[in-house]
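Okay, so here's the structure we're looking at.
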Amino acid sequence: MRLLARKGPMIEILKILHFLAMGIGVGGGFAQGIIGRRTVAAEPAARELLGAIQRRISVGTAIALAVLWITGIWMTYAIHGGFTGQPTSFWLKIATVAVLTLIVMAMGHTAARAAAAGGTPPPGRMAALGGVAQLATALAVVLAVLTFT
């Protein structure tokens, strides 16, 4: 099985991993947004629990995002021969995913700092970041469809 074959089992495996990671990432992003909004109005004890849940989701989302980057770059080389000649929609998608990556990193950093201080992440910040992540995710999916269909 060639690692850069344009067709065959390796590409199918990469696509499966890519779509599974996208599902985990999208689900995690939406869950973060929902939990962030609920945390704003929650009692202190509930905030602690919701913060712990957000930290767990953040780890899964970060791993999924890493898998998306790896499989996406791999498929770009395997299927399209690299980045040269990609349409504008491809580069807009890459920029959107880069922004999404920074948002996920900011959410993880915010949650980790709060945990290290013995507290919970600021609910307003997490809700805002989650909302932007949802928009970036939706835009990335739209741009992927426009690019690859």
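Since every read-out is calculated from the coordinates, none of them should be taken as a lab result. Here the structure is a predicted model, which is why all the values come from computation and not from measurement. Here the Cβ positions follow ideal geometry from the backbone for every residue, glycine too, while neighbour counts run over all protein chains shown.
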Fill in the blank from the handout: Reviewing (i) 22.3, 78; (ii) 14.8, 47; (iii) 17.3, 55, the figure for Rg and Dmax of the Cα atoms in Å actually calculated from this model sits under (iii)
Exercise for the section: Could you tell me the distance between the Cα centroids of the range 133-149 and the range 29-68, to the nearest Å? Expected result: 22
Handout entry: Dipole-positive endmost among 33, 121, 79 within the chain (Cβ charges, Cα centre)
Key = 79
Completion exercise
Heads up, the range 90-149 by the C-alpha gyration tensor (a ≥ b ≥ c square roots of eigenvalues; a/c under 1.5 rounded, else a/b over b/c prolate, else oblate) looks prolate
Problem - Among 108, 146, 57 the positive-end extreme of the charge dipole of the chain (Cβ point charges) - result: 146
Problem - the chain: relative contact order in percent, alpha carbon pairs under 8 Å with at least 6 residues between - result: 35
Practice task
Would you please name the chymotrypsin sites (Phe, Trp or Tyr not before Pro) within the range 59-149 that are DSSP coil residues with at most 15 other C-beta atoms within 10 Å of their C-beta?
Solution key: 83
